[in-house]
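I have placed the structure first, in the form of structure tokens, so that the comments after it can refer back to it.
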Amino acid sequence: MRELQPGQNQPIGGGRVVVGVSGEPREDFEARTQIGAVLLGAGGQARDLSDLVSAEQPHSPDNSVTFTGYPPEFRIELDAVPAAITRIAIVLAVKPGMPPGVTFSVFTAIRSWLTDAADQPLLLFPLPPASRGETAMIMAELYRHQGQWKFRAVGQGFAAGLPALAAHFGLRVPQPVPEKPPIIGPESRRGSGQSTGPAAFSGTGFCVHPEGYVLTNHHVIEGAREILARSPRQRCRLEPVFADPTNDLALLRADTSWPGVAAFRSGRQAQLGEAVIVVGYPLGGLLGSGPQVTTGNVSSLIGPGDDTRSLQFTAPIQSGNSGGPVLDSDGAVVGVVSSKLNAVRVHEMTGDIPQNVNFAIKAALACSFLDAVGVDCQSRAARPARSTAEIAAEARDFVVKIECQG
């Protein structure tokens with residue numbers, strides 16, 4: 001049996017093969033993960049969800065690929081795969097609904113293998129040991145090359161999770177709405193979004209591309225039939241492009257260009273104790289029609305429940321700040337405001353009143369989300385600090401109030 005490293009491939013001929021994925025501890029791995037085989041055309045895209053073979057849908061439309069059960073593996077009749085299918089990707093993901101912090105790093109080993117029709121081991125791909133924070137991955141792929149099938153070890157991870165992996169293949173996989181800890185955010189799924197009427201609610205977003213793409217939280221727009229963007233300088237309609245409920249991100253597109261575009265910080269991410277600035281539209285405009293600016297510091301590099309996707313900061317926020325940018329001292333994005341500690345609930349539980357315990361999705365995850373849906377975000381290296389007034393004036397051109405009608 002040959003052991004492969006990431007990127008290596010091996011001819012496998014034709015006939016029947018079996019491909020599987022396993023991990024350690026075995027029981028935890030099978031309880032917390034799911035695998036799939038995605039049939040792909042020449043452009044690397046699936047036709048629709050019928051091309052995704054899994055425990056829920058155990059056969060491909062042509063029956064050339066079959067999920068055979070646990071340990072999780074697929075029986076593939078290579079000679080029966082339609083000519084239009086040029087690749088079969090073997091994918092792995094953390095099951096939706098797992099607690100925050102469950103990533104591939106919780107497993108001591110992850111591997112993929114291939115055997116022949118007689119169950120003789122041919123190839124093994126042990127994922128290199130590393131601290132892997134992803135929740136979705138392309139483990140391996142079978143592909144045609146000059147009329148011959150080959151197996152390639154891949155190991156390409158997606159920090160933005162299953163929705164990003166699906167988008168990579170042109171699919172949209174329905175995701176259940178994850179429950180948040182009861183002490184985080186207000187009582188409803190809107191998080192820090194602000195209700196402005198029986199069927200109206202608002203939040204904040206920011207432009208991430210010159211063609212009018214706007215990033216915000218999924219919970220800000222969840223259930224909206226109509227979405228508008230408003231700033232002191234203009235007003236326009238927004239259309240949903242892609243949503244990731246698991247990581248609480250959503251991408252929208254304006255029907256016009258926006259005067260400014262936010263830049264993400266490249267290289268070193270937010271540091272403990274670093275000064276940050278939050279720009280947004282809290283309380284549905286109750287405090288005025290313009291953006292509101294608050295300042296604070298990064299107080300923790302992990303979120304509630306040891307969630308490594310989030311950071312904690314002290315800049316005050318209110319309902320309506322959700323989806324707005326957390327900026328560094330140069331005005332580059334280091335996070336996306338997502339929630340705050342529910343002070344009333346904590347007081348009921350502990351007798352203490354917490355102050356300015358707020359959470360943001362890390363910029364790296366937001367960038368991975370944008371990359372997965374094909375939007376190139378602007379970025380720049382850390383630069384010397386500027387005044388808060390200068391940063392706020394610049395942010396007025398790319399931070400918008402998002403108004404939703406349910």
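Some points to look at:
- Residue in the stretch 13-33 that is in the same structural domain as residue 99 (by TED's automatic domain parsing), under 27 Å from residue 103 (Cβ atoms) and among the basic types (Lys, Arg) present: yes
- Residue within the stretch 297-312 that is closer than 22 Å to residue 405 by Cβ and either of a type in the set (Gly, Ala, Ser) or not assigned by TED's automatic domain parsing to the domain that holds residue 342 (or both) present: no
- Any hit, the stretch 316-339, residues being in contact with a His (Cβ under 6 Å, 6 or more places away or on another chain), surrounded by fewer than 18 Cβ atoms within 10 Å (Cβ to Cβ), more than 26 Å from residue 160 (Cα to Cα) and in the same structural domain as residue 263 (by TED's automatic domain parsing): no
Rundown of residues vs (1) within 20 Å of residue 219 (Cα to Cα); (2) touching a Ser or Thr at 6+ places or on another chain (Cβ under 8 Å); (3) at pLDDT below 95, yes/no style:
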{"position": "311", "(1), (2), (3)": "yes, yes, yes"}
{"position": "319", "(1), (2), (3)": "yes, yes, yes"}
{"position": "324", "(1), (2), (3)": "yes, yes, no"}
{"position": "338", "(1), (2), (3)": "yes, yes, yes"}
{"position": "342", "(1), (2), (3)": "yes, no, yes"}
{"position": "359", "(1), (2), (3)": "yes, yes, yes"}
{"position": "368", "(1), (2), (3)": "yes, no, yes"}
{"position": "375", "(1), (2), (3)": "no, no, yes"}
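- Inspection of the stretch 279-294 finds no residue satisfying the criterion of being under 17 Å from residue 201 (Cα atoms), in contact with a His (Cβ under 9 Å, 6 or more places away or on another chain) and either crowded, with 24+ Cβ neighbours inside 10 Å or in contact (Cβ under 8 Å) with a residue 12 or more places away in the chain (or both).
- Positions within the stretch 16-72 being closer than 16 Å to residue 143 by Cβ and basic (Lys, Arg), in sequence order: none
- Members of the stretch 368-406 found to be aliphatic (A, V, I, L, M) and either under 29 Å from residue 165 (Cα atoms) or not assigned by TED's automatic domain parsing to the domain that holds residue 246 (or both), listed by number: 370, 372, 373, 375, 381, 399, 400, 402
- If you go through the stretch 100-122 and keep only what is assigned to a loop (DSSP other than H, G, I, E, B) and among the hydrophobic types (A, V, I, L, M, F, W, C), you end up with 102, 107, 117, 118.
- Strands (runs of 3 or more DSSP E) (entirely within the stretch 200-281) containing at least 1 residues that are under 21 Å from the mean Cα position of the chain (by Cα): 200-207, 213-216, 235-244, 249-254, 263-265
- Meets criteria (of a type in the set (Val, Ile, Thr), over 24 Å from residue 372 (Cα atoms) and out of contact with any helix residue (DSSP H, G or I) (no Cβ under 6 Å at 6 or more places or on another chain)) for residue 76: yes
- All positions within the stretch 214-249 that are surrounded by 17 or more Cβ atoms within 10 Å (Cβ to Cβ) and of a type in the set (Gly, Ala, Ser): 224, 229, 231, 243
- Count of residues meeting criterion [more than 19 Å from residue 74 (Cα to Cα) and either of a type in the set (S, T, N, Q) or within 25 Å of the chain's Cα centre (by Cα) (or both)] in the stretch 25-40: 1
- Of the strands (runs of 3 or more DSSP E) lying entirely inside the stretch 1-44, the ones with 2 or more residues being surrounded by 18 or more Cβ atoms within 10 Å (Cβ to Cβ) and of a type in the set (Val, Ile, Thr) are found at 16-24, 33-40.
- Test for residue 66: is it among the β-branched types (Val, Ile, Thr) and under 22 Å from the mean Cα position of the chain (by Cα): no
The values are calculated or read from the model by the stated rules, or taken from the named source; none is laboratory data. Remember, it's a predicted structure, so these values are computed and weren't measured experimentally. All Cβ positions, glycine included, derive from the backbone under ideal geometry; neighbour counts span all protein chains shown.
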